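Below: one structure, written as structure tokens.
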Amino acid sequence: QVQLVDSGGGLVQAGGSLRLSCTASEHTFSTYAMGWFRQAPGKEREFVARISSNGGNTYYTDSVKGRFTIARDNAKNTVYLQMNSLKPEDTAVYYCAACPRPAYYCTMRSSYSAWGQGTQVTVSS
């Protein structure tokens, strides 16, 4: 099973930017679709974005479209989430996750087989 370590969270003012990174433990990373989820206090963990194993297809939840960009570098076993124009409602713990299925299926939490430990993103108003 792939192991994931996510990082890059922090405290930022509304309108600012952060880039999250997630590094996998093994070369089979390149066979996984990858996703980012987030969980705010008192809320259910929700899907944010996904990217196909070769990086050719991306998909975002409506609330982050035009502001967030998911990308990957398979040579580095790393996936990124570039977050621009951050809003207070983006405040959450962000988790990267690996999906061993075709990207089409990789929106539900249950489709992901491995998770990072989470990184806190706090956006002040």
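The values are calculated or read from the model by the stated rules, or taken from the named source; none is laboratory data. Just so you know, these numbers come straight off a predicted model, no measurement behind them. With ideal geometry, Cβ positions are generated from the backbone for all residues, glycine too; neighbour counts draw on all protein chains shown. For accessibility, only protein heavy atoms count, side chains too; no ligands or nucleic acids. Shrake-Rupley method; radii C 1.70, N 1.55, O 1.52, S 1.80 Å.
Evaluate the range 44-54: report whether one residue or more is within 14 Å of the chain's Cα centre (by Cα), closer than 17 Å to TYR94 by Cβ and of a type in the set (Gly, Ala, Ser). Yes.
Among the residues of the range 53-76, is any among the β-branched types (Val, Ile, Thr) and either at pLDDT below 95 or within 15 Å of TYR112 (Cα to Cα) (or both)?
No, that holds for no residue.
Taken residue by residue, the range 51-60 has at least one member that is closer than 21 Å to PHE29 by Cβ, surrounded by fewer than 16 Cβ atoms within 10 Å (Cβ to Cβ) and either of a type in the set (Phe, Trp, Tyr) or in contact (Cβ under 8 Å) with a residue 40 or more places away in the chain (or both). State yes or no: is GLY15 in contact with a Lys or Arg (Cβ under 7 Å, 6 or more places away or on another chain), touching a residue at least 60 places away in the same chain (Cβ under 8 Å) and not in a helix (DSSP H, G or I)? The answer is no for GLY15. Return yes or no: is MET83 in contact with a Leu (Cβ under 6 Å, 6 or more places away or on another chain) and open to solvent by less than 60 Å² (accessible area, probe 1.4 Å)? Judged against the criteria, MET83 is a match. Note on the range 34-50: residues that are without any contact (Cβ under 8 Å) to a residue 60 or more places away in the chain and surrounded by 19 or more Cβ atoms within 10 Å (Cβ to Cβ) total 3.
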